[in-house]
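Engineer: First the structure, which I've put down as structure tokens, then a few questions once you've had a look.
The values are calculated or read from the model by the stated rules, or taken from the named source; none is laboratory data. The model shown is predicted, which means the values in this text are computed figures rather than measured ones. Please note: Cβ atoms are built from the backbone with ideal geometry, for glycine as well, and neighbour counts cover all protein chains shown. Remember, those area values only see protein heavy atoms, side chains included, never the ligands or the DNA or RNA. Shrake-Rupley method; radii C 1.70, N 1.55, O 1.52, S 1.80 Å.
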Amino acid sequence: MPVDALATLRAAQPNVHYAVSDKPNAWRRFLAGEPLASPLAPAAEAAPAEAGASRAPAGIASTIEPSIARRLADSAADVSPDFQRHVLPMLGRLGCNGRSCHGSFQGRGGFRLSMFGYDFAADLEAMTAGEEPRVSKDKPEESLLLYKPTHGDEHGGGKRLEQESWQYQLLKRWIASGAEGTAEPAKLARLEVEPSELRFARVGESTQLRCIATWQDGRREDVTDLTRFQSNDPAVSTVEPGGLARCVSAGETHIIAFYDNGVTPVQTLLPISDQRVSATGARTEVDRLVLEKLGKLGIAPSPACSDAEFLRRVSLDIAGTLPTPAEVSDFVADESLDKRDRAIERLLESPAYAEWWTVWLSDLTGSNSQYLGTTDMNQPASEQWNRWLRRRVADNVGWDRIAAGILLAKSREDGESYASYAAGQSRYLSRTDPADFTDHANAMHYYWFRSNNQLSVDRALSFGYVFLGVRLQCAQCHKHPFDQWSQQDFNHFAAFFDRIKTGAAPDALPAQQMLKTKLGVPERLNTAALRRQMYLRVSAEGLPIPWNEVWIEPPRAKPQPAKLLGDAMLDLNDYADPREPLVSWLLSRDNPYFARAMVNRIWKHHFGVGIVEPPDDLNRANPPSNAALLDHLASEFVEQQFDLKWLHREICRSDAYQRSWRTNATNRADTRNFSHALIRRLPAEVTVDAIQQATSDERGNSNWSQAVASRKIAQHPKSIQARGIDYSLLIFGKPLRTTNCDCERQAQPTLLQSLYVRNDQELLEWLQRKDGWLQQVARERGESLSSDTVAGEPTAAPATGDTASSASDDELKPLIRTAYLRSVSRAPDASELRDALEHLRRSNGVAEGLRDLMWALLNTQEFLTNH
């Protein structure tokens with residue numbers, strides 16, 4: 001049964017969680033390209049629907065209990081406040097368990113609460129136990145929990161309560177009733193906010209929000225008075241503590257409601273203008289969804305970009321490569337209606353696509369030789385990692401199989417001896433007839449070797465970032481402030497990684513030690529450098545060296561509870577390899593993160609901004625700018641078997657992608673709704689390649705998209721730490737792959753970048769190098785390109801001798817046009833052509849005049865950006 005059947009099974013039997021059973025052969029066939037047909041087996045009782053989910057529990061109550069504030073207003077009413085449902089949310093609403101008050105790690109005034117109030121047992125103990133408990137059950141009025149916040153002069157946080165308030169009465173009644181905690185925490189099934197969307201008609205308009213909590217047992221309650229509210233952009237909409245939302249200006253944002261484990265966003269919107277935008281006749285579903293959102297906002301989209309702009313944009317995005325002058329000229333002259341689609345297909349099949357997206361995936365997954373613990377063979381291992389990815393990108397293997405090949409990778413096959421494994425690893429490095437690592441059991445195990453990824457908590461964080469697009473760091477210490485994850489959820493999730501080990505398995509230790517002794521470790525090879533030299537020589541002969549391995553610790557005697565994020569609890573002792581239920585859940589059709597994370601990242605690559613921004617921070621308080629668009633692309637990505645080329649094609653074929661960067665009165669301030677192209681800096685590798693391509697000779701320029709092995713977009717870091725990376729790449733923001741964050745790749749302009757393109761010796765040498773275009777022009781014209789002058793400085797005509805003025809306009813214009821096509825991928829306009837001709841006529845030779853022109857073009861924002 002395929003993994004996609006998980007959704008059907010769960011719907012049919014909601015009380016049973018299904019995970020792929022421990023059948024390694026099924027995974028092997030899946031990694032080789034077959035549909036996953038492993039039998040599914042019940043693993044554990046399912047967890048309830050995640051908080052905030054759209055599905056309601058069965059038997060939901062039709063009535064809604066009034067708010068606790070309203071019930072407490074009736075002094076005769078018999079109200080028994082609940083610790084979880086009322087007391088802790090109310091303290092959170094008052095800010096008592098926030099990070100600046102008693103929720104800080106050190107607490108305040110000797111009183112510490114769990115941050116955001118989700119450690120119920122610890123909070124109850126803090127209030128009721130100790131030498132000086134905060135509650136007095138015999139005399140509730142004398143409880144410090146009531147006294148301090150009603151006396152601002154004795155409370156560091158100032159006066160927080162009035163004795164006549166419902167909040168005071170809530171705490172008093174809870175204490176009087178015994179100050180009981182929650183034996184078994186209730187499960188919040190859904191937090192609804194009414195209305196679910198706010199469409200304002202004018203600035204200053206306000207609407208009261210109402211929050212309804214639905215619990216797993218079907219109980220429903222108005223919790224508006226216990227809910228915390230936050231506006232993601234107070235310049236557009238504000239929200240008062242009681243939930244009164246007010247429009248401040250035209251635009252859109254979200255108001256976020258927080259209660260218990262629920263986080264629910266509410267979109268607020270006031271149209272920018274009365275501009276009518278119709279989605280009728282949209283060319284693709286992507287365009288229909290984008291236009292529908294623009295229609296709500298009254299934003300008119302920009303027209304399509306020019307053919308030259310499109311070809312430059314799509315070439316840089318898909319292949320990391322400037323189009324050649326011939327490609328631009330031919331494309332502009334082509335009058336066929338499908339030429340843009342054909343250009344996309346050509347680029348997707350180019351070698352440059354495979355190289356550029358291999359680097360992209362290496363960045364994402366963290367291939368960094370500095371951190372690989374593979375017995376001092378870090379660099380060869382890192383290169384194998386890169387080659388493994390390159391083959392799968394070139395073969396267009398689905399992202400699901402790439403992910404499974406990384407996460408499920410084994411070092412030794414079942415039943416294989418360590419000696420056989422060590423010999424096989426060395427054969428990949430043999431000088432004579434080396435084995436092909438990219439065929440290695442269809443899997444790549446080096447992801448687990450990262451030295452900064454050895455603790456289970458670090459692996460949980462890395463897994464969440466790379467494969468889910470979520471940041472779990474906050475939940476490592478306390479309740480996540482913007483999502484449903486508690487510290488307990490995080491610890492249960494990290495348990496999946498406890499039994500994944502690197503080094504040598506217990507049965508392999510004697511054989512590994514024997515190899516080390518044979519090679520003289522540690523007597524002679526007592527430093528990493530000496531060991532590396534020896535290992536490289538020995539493995540080059542195809543002989544075994546003491547490689548480390550990934551191995552799985554056997555199931556333990558005691559239960560090992562673990563929890564999939566937002567899903568089921570299970571006992572990992574039921575699995576020989578705890579990664580299998582994890583990957584089964586990851587690749588299941590209804591996983592809410594895996595497909596969305598990749599779609600969002602690639603969308604950002606092409607648009608400069610994600611549907612969710614930042615792209616590696618998918619959380620409930622950071623909703624997508626166009627939820628329907630993200631849902632559509634993610635579901636279709638799954639239907640297309642996670643085909644990365646399909647995703648690039650679907651995005652780049654859309655009118656949304658092909659719009660001009662030129663704005664109109666309605667979309668000038670829009671940065672999140674894809675009404676026009678955003679001007680964005682080129683990535684480091686693409687920038688440096690573009691400089692070299694623009695200045696290369698005719699042969700090098702025409703073959704640039706094919707001969708990619710020596711280019712920066714194909715350069716896998718031999719030593720990615722700063723001391724080994726190319727200076728040019730470093731200053732343009734190439735990531736060092738040391739952290740789990742998309743933000744590690746820097747796209748912001750800096751002073752160093754400006755200085756580099758203006759006067760760095762490396763750039764000046766590229767301009768006039770022997771195999772460059774300018775030297776080619778000089779040779780053809782019988783000129784000499786002087787190195788005494790500096791590019792960018794006017795070269796005055798000499799008193800005697802020939803100057804560029806001796807060349808006719810018919811000779812100069814094609815050269816000027818070529819300079820523009822080489823750099824900014826378009827022909828010069830009339831004023832640019834006139835200015836360039838004037839400069840060349842004053843220059844000391846055509847080649848030197850062209851050098852000045854090329855220097856100026858390479859310094860333009862038009863060259864250094866994608867637009």
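Engineer: Calculate one ³J(HN,Hα) per residue across the range 653-658 by plugging θ = phi - 60° into the Karplus curve 6.51 cos²θ - 1.76 cosθ + 1.60, and present them in order as whole Hz with x for glycine and proline.
Structural biologist: The phi angles translate into 6, 6, 5, 4, 6, 8 Hz.
Engineer: Run the paramagnetic zone check for ARG668: 7 angstrom along Cα to Cβ, then residues of the range 254-272 with backbone nitrogen under 15 Å.
Structural biologist: The answer is 272, whose backbone nitrogens lie closer than 15 Å to the label point.
Engineer: Using the heavy atoms of the protein chains alone and a 1.4 angstrom probe, what is the accessible area of the chain per residue in square angstrom?
Structural biologist: Solvent-accessible surface per residue comes out at 42 Å².
Engineer: Counting each pair of different Cα atoms once, what's the Kirkwood radius of the range 303-392 in Å, rounded to one decimal?
Structural biologist: Averaging 1/r across every pair of different Cα atoms and inverting gives 15.1 Å.
Engineer: Assign unit charges at the C-beta atoms only (+1 for Lys and Arg, -1 for Asp and Glu), then state the dipole size of the chain relative to its Cα centre in Debye, rounded to the nearest 20.
Structural biologist: Roughly 860 debye for the chain.
Engineer: What translational diffusion coefficient, to the nearest whole µm²/s, does the range 402-519 have by Stokes-Einstein, given a Kirkwood radius computed over alpha-carbon pairs, a temperature of 37 °C and 0.692 mPa s viscosity?
Structural biologist: After rounding, the answer is 198 µm²/s.
Engineer: OK, next. If you count, for each residue, the other Cβ atoms within 10 Å and average over each peptide, how do 127-135, 746-754 line up from highest to lowest?
Structural biologist: The densest-packed peptide leads the list: 127-135, 746-754.
Engineer: Expressed as cubic angstrom per residue, what is the convex hull volume of the alpha carbon set of the range 109-239?
Structural biologist: Dividing the Cα hull volume of the range 109-239 by its residues yields 161 Å³.
Engineer: What does the convex hull of the alpha-carbon atoms of the range 262-321 project to on average, in nm²?
Structural biologist: Result: 7.0 nm².
Engineer: Quick one: which residues, 5+ away or cross-chain, put their amide H under 5 Å from the amide H of SER231? H built at 1.01 Å from N.
Structural biologist: Those lying under 5 Å, H to H, from SER231 are VAL239, ILE256.
Engineer: What ranking, highest mean first, results for peptides 529-538, 313-322, 806-815 when packing means the other Cβ atoms within 10 Å averaged over each residue?
Structural biologist: 313-322, 529-538, 806-815
Engineer: Could you work out what % of the accessible surface of the chain is carbon and sulfur, using a 1.4 angstrom probe and leaving DNA, RNA and ligands out of the count?
Structural biologist: About 50 percent, which is the carbon plus sulfur part of the accessible surface.
Engineer: What are the ³J(HN,Hα) couplings of the range 628-640, residue after residue, when phi is run through the Karplus curve with 6.51, -1.76, 1.60 and θ = phi - 60°? Round to Hz, x for glycine and proline.
Structural biologist: Each residue's phi maps through the Karplus curve to give 5, 5, 5, 4, 4, 5, 5, 5, 6, 4, 5, 4, 8 Hz.
Engineer: Considering the convex hull of the alpha carbon atoms of the chain, report its projected area averaged over all viewing directions, in nm², one decimal.
Structural biologist: Across all orientations, the chain yields a mean hull projection of 45.1 nm².
Engineer: From the mean inverse distance of alpha carbon pairs (Kirkwood) and the Cα radius of gyration, derive Rg over Rh for the range 630-693.
Structural biologist: For the range 630-693, the value is 1.08.
Engineer: Normalising by the residue count of the chain, find the relative contact order in percent from Cα pairs under 8 Å and 6+ residues apart.
Structural biologist: 13 percent
Engineer: Also: So what is the 222 nm mean residue ellipticity for the chain from helices alone, if each DSSP H run of at least 4 adds -39500 (n - 2.57) and you divide by all residues, rounding to the nearest 500 deg cm²/dmol?
Structural biologist: Dividing the helical sum by the residues of the chain leaves -11000 deg cm²/dmol.
Engineer: Which whole-Hz ³J(HN,Hα) couplings does the range 560-574 yield from phi under the Karplus relation 6.51 cos²θ - 1.76 cosθ + 1.60, θ = phi - 60°, glycine and proline marked x?
Structural biologist: Coupling constants for the range 560-574: 10, x, 8, 9, 6, 4, x, 9, 8, 8, 8, 9, 5, 5, 7 Hz.
Engineer: For GLN641 and ASN526 in one chain, what is 0.36 nm times their gap in residues minus the Cα-Cα distance, to one decimal in nm?
Structural biologist: Extending this stretch completely gives an extra 36.5 nm.
Engineer: To make sure I understand the rule: partners must be aspartates and glutamates, Cα under 20 Å from the Cα of LYS518, and not fewer than 8 residues away in the same chain. Which ones qualify?
Structural biologist: Result set, ordered by chain and number: ASP376, ASP507, GLU541, GLU549.
Engineer: Please compute the contact order of the range 815-867 in relative form: average sequence separation of alpha-carbon pairs under 8 Å and at least six residues apart, divided by the residue count, as a percent.
Structural biologist: 38 percent
Engineer: What order, most packed first, do the peptides 491-498, 202-209, 268-275, 334-341 have when packing is the mean number of other Cβ atoms within 10 Å of each residue?
Structural biologist: 491-498, 268-275, 202-209, 334-341
Engineer: Identify, among SER831, TRP399, LEU519, the residue whose Cα sits farthest towards the positive end of the charge dipole of the chain, taking +1 on the Cβ of Lys and Arg and -1 on the Cβ of Asp and Glu, with the dipole about the Cα centre.
Structural biologist: Most positive-ward Cα: LEU519.
Engineer: Roughly speaking, what % of Cα-Cα pairs in the range 318-444 are separated by over 20 Å, rounded to a whole number?
Structural biologist: So the portion of pairs separated by more than 20 Å is 56 percent.
Engineer: Among TRP766, TRP661, THR284, flag the residue with its Cα farthest along the positive direction of the charge dipole of the chain, charges on Cβ as +1 for Lys/Arg and -1 for Asp/Glu.
Structural biologist: TRP766
Engineer: Can you tell me the length gained on complete extension of the stretch SER806 to ASN396, counting 0.36 nm per residue apart and subtracting the Cα distance?
Structural biologist: In short, 142.2 nm is gained.
Engineer: May I pose another question? Return the long-range amide H neighbours of ASN664 (sequence gap of 5 or more, or a different chain), with a cut-off of under 5 Å between placed amide H atoms.
Structural biologist: The list, which skips near neighbours in sequence, is empty: none.
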